[in-house]
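Only one structure is covered here, and it is reproduced in the block below.
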Amino acid sequence: MSANHYDAIIIGAGHNGLIAGAYLARAGKKVVILERRPIVGGAAVTEEIFPGYRFTEFSYVVSLLRPEIIRDLELPRHGLKILPLPSTVTPMDNGDYLASWSDHDQTRREIYRHAPRDAEAADEYSRVMARAAKAIKPVLSLVPPDPSSMSVRDMLGLLKLGKYAKSLSEKELYRIAKLVTQSSADLLNEWFEFDPLKGTKSASGIIGTFLGPHSPGTAYVLLHHYMGEIDGAFRAWGFAKNGTGGVTAAIAASARAIGAEIRTNAAVKQVIVKGGRAAGVALENGDELHAKVVMSAADPKRSFLQFVESKHFPDEFTQQIKNFRVRGSSGKVNIALSELPQFTCLPGESPLHRGAISISPSIDYIERAYDEAKYGQFSKQPYIDMIIPSMIDRDMAPPGHHVMSCFVQYAPYDIDGGWDDAKRDAFGETVISTIERYAPNIRRAIVGKQVITPKDIERIAGITGGNIFHGELLLHQLFFLRPAPQWADFRTPLPGYYFGASGAHPGGGVMGAAGKLAAHEVLKDWR
Amino acid sequence: MLSTLELKRTPFHERTSRLSVTQNWRRWAGHIVLGSYELSLEHEYWAIRDGAALIDVSPLMKYMIEGPDAARLLHKVTTRDILKMPVGQVYYTGWCDDEGKLLDDGTVARMDEQRFRMTSAEPSLRWLAMNAVGLDVKVTEVTDRMAALSLQGPKSRAVLNRCCAEPLDKLKYFRLTNTSIGNIPVSVSRTGYTGDLGFEIWMDAEQALPVWDRLMAAGGDYGITPCGILAMDMARVEAGLFMLDVDYTAATHAWIDGQKSSPLEMGLDWAVNLDKKGYFVGRRALEREKREGSAWKLMGLEIAWEGLERLYADVGLPPQIPAMAVRGSLPVMHEGKQVGYASTSTWSPVLKKYIALAHLQRPHYEPGTSLTMEVTVEHHRRQAPAKVVKLPFYEPAWKKK
C-alpha cells in the first residue's frame, strides 16, 4: 500500500477518534487519524495559554472513561493517571458552606449541621441512585438495537435487552421509568428540603443540556453522576494528571505504539465516495487519502451535513440530522491566579480546595439562570462549577500560583444578536463578579483569563453548536435514537462510512464508549 | 511521664498526632506511628506518586559502626562488597545466617572511611557484636537518638532544594550528603521505600520538630502531604519491595525450615555479591544455591481484571477489592494444585491493576506463566487468573534520574 492508502481513516483526534483508531490498529488495520488542529485531543486538551499556567481548556474532569478501554489500550503505561477529586463544596450566601466528601459519615455530619432530616435522606438517596445506575449501566456498553427492524442482529439485541430488563426487579424498573421522565427538581424535592443541597445536586442534571432543573428528563442525567461510583477501586472518576489533555495524550501515545498514524494540521474537506461507498477523504490542503473505511469522530452535523454531499444520504436522514439538537448552553472561564482564591466561607487553604466548588445556592437560582438563556441571554447569575487543578496537580501552574477552571451555565450559542468580543468580555466579567461575591480576592489574583463561549467551542474544538456532548442528552436523542433512528449502530446510510463520537450512543463525557463500540462494528463488517 | 508500659512515641509525635483526622495509629518496632492521616488513602498515596509525601520513619533501627575494622565487619555480615564501597554511598542489603537464610534487610551508608550507619527492621546489636569478635570496631545503637523522615515523590527534590543549605540536584540515587536545614545539621540520602524519587533525612532527635516545620513550610507550594505507612505500603508493593514479618520471616524467628528465605529466593540476586573477596556469613550456602537454582522465588503477580470481573459478575457485582495493601497469605494455584502464595496484595492506583508479591515454586516463577490466585467473592473462595511478572511493577523514569 502506498503512503496515502489505508485500511481506515478516522476523522478527528478527540478521545473517541483516538480510541477508535487504536482499537482498529490493534486489530491489525493500517489506520490514520486526522486532526484539524495542530494538537490532538479535541475537546479534551490542555494548553499553556499563559506561560507557566496550563488550562484544561474545555472538558475538565474524567468521569466515565471505560475501564476496559484503560485496560485494553494500557493507558496507565502511556501516562494516564487519575488523581482524586474528593469533595464538593457549595458556598452559601450567609458565609457558611455545604460540603460533601467521599466519606459517608463525614458527609452525613456536614449535612446534619444544616438539615438533620436531609442528612439521612442523602445517604439513602445515594444508595438508591447508585443502584439505579448499576441497573442501567450495562446498556451503555451495548450497540443499541433498532426496535423497528426485523434483522437477526437487531432481534438478538432486543432479546438481550428484554432479558436484561427482566433481570431487574419491578421496583427497579419503575424507579428507572420515573427517573428517565422526571425533572431533577421533582426528584430532589421528593427527597430533600435544604436549598443549597438541592441546588448542587440538581446542577449535575443540567450540565451540557439546554434545560432547567424543572425540565422533564433532567433526572436521568443525574444518574450519570453515579455511574462512576460503581467501578469500585477501578473507578475512573477524578482529575487527570496534566488535565484532560493528559487523557488524550495517553490514548494518542498508546495508539501510536500500536501502530496508528496520527496527522495533525490535516483538516478534512470532504469524504470521497466511489461506487456508492466511502473510499477516502480529501483534505483542505488538497491531499487525498484513500481507505476501505472512513469513520467520523466529529459531531453529527459536520459528519453528515458537511463532510459528505447530501446526495449520498436519503433526505429523511439528512432532515433528522438537521433536527438533531446541538444547542450549546455552557461556557468556560479559565483563570491564571497569583494566589489561591480566598472563599469567605473557607479561609486559608482547606482540603476542600482540592475538590469541586459549586455556585448553586438553590434550584430556583439555577432555574432563573436558565430563564435568561431561554430568551437568548447569558445568565446574569450563572451556575458555576469550579475546580482548582493546580491544587490537585502541582504541574498545572508555577509553584505558589494557581489555575482555576470555571464551567459556566447558561451561555446560549444563539445569544441575542450573536456573540462578539464585547459580549464575551461581558460574559467573563459576569463570571468573575459572581465568583467575587464568594471569593473577594479573585480579581486581585488574576494573572490572565480565557473566556470561552459556545461559539468559541465551535471555533476552536470544532463542535457545531458548541454543545459539550455533541448533541444534548435528551430522551429523544438517546439510545436507538442517537444520532438518528435506525442509525444508532455506528453505521450510516453511506456504506463504508461510520460514525463513532459523542453524538452517537451512549453520548458525551470523556467516556470513549462510542469510539470503542464503533471500532468493533467496523471490524464486524470487515471482509 | 510516660509509663514504661506505653508504646514509644517518635520525635515527631507532637506534629503528626495533631495532623491526623483518623488517629489511626500503627505499631512499628515498639513505637506508634500513623497508618494514615486522612479518611481515604488516596491523597497520601498520590502524594508519593505525583507530589511530595512526608513520612515519619523514626522507628527504623539505626546503628553507628565505627573504627578501623568497621568496613571489615559489614563486609563479613552483609552480602554486599563493603570493602569497595565509596564514602557517600548507600547500599541496600540483606544479611544471612550461615545457612544463607535472611535474618533481616536494611541499608548501610558509608559516612566516612571508618564510619557507617546501618538501618534494620529488627534489633541487630547482638548479631553485629557477635560478628565483631576480634575486630577493632565500635557498634552503637542510635535508634532513639536519631530521628528520620522520608520525603518521597516527584516533587521531593524541589521541596528539599528550597530548604537545604545546598541544592541536591547532583545527589545521585543511593548516595548521601551532609547538609543543613535551617542551620540544623542533617544528612540526606536519596533512598526510600516507595520506588519513586525520594530522600531520607536523618537528624538529631532533639532537633526533629524544627526540621519537620521547615519541610512543611517549604513544601506548601508543592502540596507536601504528611503520609502514613498504609499508603507507603501500597507504594512499596508497586516498587517490588518486601517487608520483614510480612513477606518473609527472619531465620532466627522461623519455627521450621520452610519458613526461612534466602536473599536469592527473595529476588535479591543483584545485592548478593558472590564475586566479593573473602568470607561472609552465608557465603557457602548462597554459592550452592546459585549453582543449583532456587527452589522458589518471590515474583510479581498481576491479577487479570477481566477474570476478576467475571467472578464478580457471577454474583451480580462489580469487582470489590480493598483500596489498600492486604497483608495476608493467599494461595496461588496452577491447574488446581497449589504452587505458592501471595504474601502482600494491593490495588495499584497508578497502574490500575490488582497486584501481589508472591512466593512461587520452581518452575512456576518464570515471567509470563499463567497461574490463579485466591480471591474471596461474596464469602466464597474463588480462583482469579493471574500472570507472573518481574519486579518491580512500577518504576518511573525519574526514580534514578
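Below are the figures for this structure:
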| read-out | value |
| --- | --- |
| Qualifying positions in segment B:18-36 - in contact with a strand residue (DSSP E or B) (Cβ under 8 Å, 6 or more places away or on another chain), open to solvent by 60 Å² or more (accessible area, probe 1.4 Å) and aliphatic (A, V, I, L, M) | B:19 |
| Flag if residue A:464 is within 26 Å of residue A:90 (Cβ to Cβ), among the hydroxyl-bearing types (Ser, Thr, Tyr) and in contact (Cβ under 8 Å) with a residue 12 or more places away in the chain | no |
| Candidate set from segment B:24-66 (those that are hydrophobic (A, V, I, L, M, F, W, C) and assigned to a helix (DSSP H, G or I)); member that is nearest to the other protein chains (Cβ to nearest Cβ) | B:46 |
| Matching option when the condition is surrounded by fewer than 22 Cβ atoms within 10 Å (Cβ to Cβ), in contact with a Leu (Cβ under 9 Å, 6 or more places away or on another chain) and more than 16 Å from residue B:135 (Cα to Cα), among B:94, B:88 | B:88 |
| Any hit, segment A:230-248, residues being more than 14 Å from chain B (Cβ to nearest Cβ) and open to solvent by 30 Å² or more (accessible area, probe 1.4 Å) | no |
| Residue list for segment A:340-361, filter: at negative phi and within 14 Å of chain B (Cβ to nearest Cβ) | A:340, A:349, A:350, A:351, A:352, A:353, A:354, A:355 |
| Restricting segment A:96-123 to residues that are more than 14 Å from every other protein chain (Cβ to nearest Cβ) and assigned to a loop (DSSP other than H, G, I, E, B), the residue that is least open to solvent (accessible area, probe 1.4 Å) | A:115 |
| Qualifying residue in segment B:195-204 (condition: among the β-branched types (Val, Ile, Thr), at pLDDT 95 or above, in the same structural domain as residue B:47 (by TED's automatic domain parsing) and over 16 Å from residue B:57 (Cβ atoms)) | no |
| Any hit, segment A:18-33, residues being open to solvent by less than 30 Å² (accessible area, probe 1.4 Å) and in a loop (DSSP other than H, G, I, E, B) | no |
| Members of segment A:313-339 found to be buried (at least 22 other Cβ atoms within 10 Å of the Cβ) and within 14 Å of chain B (Cβ to nearest Cβ), listed by number | A:337 |
| Pairs where the first residue, in segment A:318-329, is free of Cβ contacts under 8 Å to residues at least 24 places away in the same chain and the second is among the hydroxyl-bearing types (Ser, Thr, Tyr), C-beta under 6 Å, 6+ apart | A:318/A:310 |
| Residues of segment A:133-144 classified as among the small types (Gly, Ala, Ser) and either within 14 Å of residue A:190 (Cβ to Cβ) or open to solvent by 10 Å² or more (accessible area, probe 1.4 Å) (or both), total | 1 |
| Listing of helices (runs of 4 or more DSSP H) fully contained in segment A:124-243 that carry 3 or more residues being modelled with pLDDT of 80 or more | A:170-181, A:184-191, A:195-206, A:218-227 |
| Residue count for segment A:196-219, restricted to those that are hydroxyl-bearing (Ser, Thr, Tyr) and surrounded by fewer than 24 Cβ atoms within 10 Å (Cβ to Cβ) | 2 |
| Residue within segment A:504-521 that is over 21 Å from the mean Cα position of the chain (by Cα) and closer than 24 Å to residue A:152 by Cβ present | yes |
| Selected residue (criterion: nearest to the other protein chains (Cβ to nearest Cβ)) from residues of segment A:47-90 that are closer than 25 Å to residue A:454 by Cα and among the charged types (D, E, K, R) | A:54 |
| Number of the condition not met by residue A:127 [criteria: (1) open to solvent by 30 Å² or more (accessible area, probe 1.4 Å); (2) closer than 30 Å to residue A:165 by Cα; (3) in contact with a helix residue (DSSP H, G or I) (Cβ under 9 Å, 6 or more places away or on another chain); (4) more than 12 Å from chain B (Cβ to nearest Cβ)] | (3) |
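Let's see how each residue does on (1) open to solvent by less than 30 Å² (accessible area, probe 1.4 Å); (2) in contact with a strand residue (DSSP E or B) (Cβ under 8 Å, 6 or more places away or on another chain); (3) at pLDDT below 95:
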site: B:3; (1), (2), (3): no, no, yes
site: B:12; (1), (2), (3): yes, yes, no
site: B:38; (1), (2), (3): no, no, no
site: B:47; (1), (2), (3): yes, yes, no
site: B:53; (1), (2), (3): yes, yes, no
site: B:63; (1), (2), (3): yes, yes, no
site: B:75; (1), (2), (3): yes, no, no
site: B:102; (1), (2), (3): yes, yes, no
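The values are calculated or read from the model by the stated rules, or taken from the named source; none is laboratory data. Note that the structure is a prediction, hence the values are computed from the model and not measured. Using ideal geometry, Cβ is built from the backbone for each residue, glycine included, and neighbour counts are taken over all protein chains shown. Just so you know, the surface numbers come from the protein's heavy atoms only, side chains and all, with ligands and any DNA or RNA stripped out. Shrake-Rupley method; radii C 1.70, N 1.55, O 1.52, S 1.80 Å.
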